[in-house]
Ligand code: NAD
Ligand code: IPM
Ligand code: MN
C-alpha cells in the first residue's frame, strides 16, 4: 500500500512551493497517497482555528506530513483571544510529539558567492542544528495585563536528556551545546543534564558548551568549526535563520521535525510564508524540495530517491540556477524546470 502523506500547503507562498514539490516527487518515481488539509491562516478562515481536530488526527495517522509555511499580515494581531496561524504549528508539534527539529546547514558550493559572507568563511561548513521543539518559552504559561506580560521558560530533565541524545547520536566530530547558563536557570539545568548524559553514554563524543551570544557570533565568523549544535527552542529558532545566510538564502534551508520512532515526522522549510512576495510566482522552492528529500530519507526510508532530489538541486545550481533571493532572476517555474531537467 502506498504511504500516506498529509500535505499542508498553508499560507502565503506555501501553495506556490507545494505544487512543484509534488511534481518533483512524481518525477522521482514515488507514488504516495496524498491528502491535503487546510492549515494556519487558511484553516482559520474556513474553520476559525489554525489546526482542526480532524487535521491533527489525519497527521497522527499518516506516514509523514509535508508542510510548507503559515502566517501573514491578514491574521497578525496582538489580541491574545484571536486565533493565529502559528498556533497550528504548536498544536501539531505537541500533538505529534515532535520534540526534535533537525536543521542541516550545508551550503552548496555553487552558492558560496551568493552569501553576504565571504567564501573563505563558508567553505567546508556542514552543521546540523538540533533544536528542541516542544518546550521552553513557546509552551510555558503566559500572563498578560494591560501593563505587564510574562512568558514562562520551563524545561524538565527528561526533555533535555532526550534532545541531547538525538544530538550525540547525530555527531560526527563533536557536539556544541548552546545555552545562556551565565543567566538562566533553565540553561544551568540544561548544561548539567547534557554533561551527565555525556559522561554516562557518549564520553567518546567531544562536547563543548558555548553561550548563545558567542555562538551567534561564531556561526557567521567560524561556521566550519561546528558539527552538531544542540539548543533550546527559541535559541534554535534564531540561530537557524542566522545560519541561513551561510547558504545564500533562507529559501535554501530544509528541516525535519521528529518524535518517537515509528511516529510520523513533519518535513518543512525553515522559512515562513514570505508575505512580501506571495502570489507572484517568484518564491524559491528549493528549501521545500530539500524538505521533501528529508521526508523521503528520514520519514519513508527512500534513500535513493532522496539523494536523487538533492543531486538534481545541486546540479541545477551548478548550472547557474538562481532565484531572486539568490541574486538571480529565475521564478518558481524556472527553478522547478531546472531541477526536473537534472533529475
Ligand atoms: P519569512 O521567512 O516568511 O520571510 C523572511 C524574508 O525571506 C522575506 O523577505 C521573504 O520574502 C524571504 N523568503 C522566505 N522564504 C523565501 C523563499 N522560499 N523564496 C524567496 N524568499 C523567501 O519570515 P517573516 O517575514 O518573518 O514571517 C512571515 C510570516 O511567516 C509570519 O507570519 C511568521 O509567523 C510566519 N513564519 C512561519 C513559519 C512556518 O510556517 N514554519 C516559519 C517562519 C515564519
Ligand atoms: C519556525 C517559525 C515558528 C517558530 C514560528 C512561525 C512560530 O519561526 O518554524 O522556525 O518560531 O518555531
Ligand atoms: Mn523560525
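Considering only 243, 149, 64, give the residue with the highest GNM mean-square fluctuation for the chain, with springs between Cα atoms whenever their separation is below 10 Å.
Highest fluctuation of the listed residues: 149.
Taking the chain as a Gaussian network, where each spring joins two C-alpha atoms under 10 Å apart, which residue of 72, 88, 279 fluctuates the most?
279
Modelled label-to-label distance, residue 191 and residue 218, 7 Å Cα→beta-carbon offset: nm?
Result for the modelled spin labels: 1.3 nm.
Working out 0.36 nm times the residue gap between residue 33 and residue 301, then minus their Cα-Cα distance, what length gain in nm do you get to one decimal?
94.9 nm
Please build a GNM for the chain, connecting alpha carbons under 10 Å apart, and tell me which residue among 144, 165, 106 fluctuates the most.
Looking only at 144, 165, 106, the biggest GNM fluctuation is shown by 144.
Once you put a point 7 Å from the Cα of residue 209 and another 7 Å from the Cα of residue 174, both along the Cβ direction, what distance in nm separates them?
Simple spin-label model gives 1.6 nm for this pair.
Between residue 165 and residue 113, what FRET efficiency comes out of the Förster formula 1/(1 + (r/R0)^6) with R0 = 45 Å and r the beta carbon distance, rounded to 0.05?
The formula returns an efficiency of 0.75 here.
Modelling each spin label as a point 7 Å along the Cα-to-Cβ direction, I'd like the residue 47/residue 199 distance in nm, to one decimal.
Rounded to a tenth, the inter-label distance reads 4.8 nm.
Using 5 Å bins from zero, what percent of all Cα-Cα pairs in region 49-120 falls into each bin?
All Cα pairs considered, the percentages come to 3, 12, 17, 16, 12, 12, 11, 10, 6, 1.
Report Rg(Cα)/(2.2 N^0.38 Å) for region 91-167, keeping two decimals.
1.57
Residue 329 to residue 126: extension gain in nm, 0.36 nm per residue of separation minus the Cα-Cα distance?
70.3 nm
Once the Cα gyration tensor of region 1-127 is found, what semi-axes does its equivalent ellipsoid get, as square roots of 5 times the eigenvalues, in whole Å, sorted largest first?
Value: 29, 22, 15 Å, ordered largest first.
May I ask you to sort 65, 28, 339 by Cβ crowding, counting other Cβ atoms within 10 Å and putting the fewest first?
Result, fewest neighbours first: 28, 339, 65.
Taking other Cβ within 10 Å of each residue's Cβ, how do 250, 129, 44 sort, fewest first?
250, 44, 129
Quote to one decimal, in nm, the extra length available between residue 57 and residue 77 on full extension: 0.36 nm per residue of separation minus the C-alpha distance between them.
Extra length from residue 57 to residue 77 when fully extended: 4.4 nm.
Calculate the tail of P(r) for region 226-325: the fraction of all Cα-Cα distances greater than 21 Å, expressed in %.
Within region 226-325, distances greater than 21 Å cover 41 percent of Cα pairs.
So for region 116-247, what are the equivalent ellipsoid semi-axes in whole Å, largest first, each being the square root of 5 times an eigenvalue of the Cα gyration tensor?
Output for region 116-247: semi-axes of 26, 20, 11 Å.
Principal axis lengths of the chain from Cα atoms, whole Å, largest first?
Projected onto the principal axes, the Cα atoms of the chain cover 50, 49, 44 Å.
None of the figures in this text is laboratory data; all of them are computed from the coordinates on show. Remember, it's a predicted structure, so these values are computed and weren't measured experimentally. Reconstructed Cβ throughout: ideal geometry from the backbone, glycine too, with neighbour counts over all protein chains shown.
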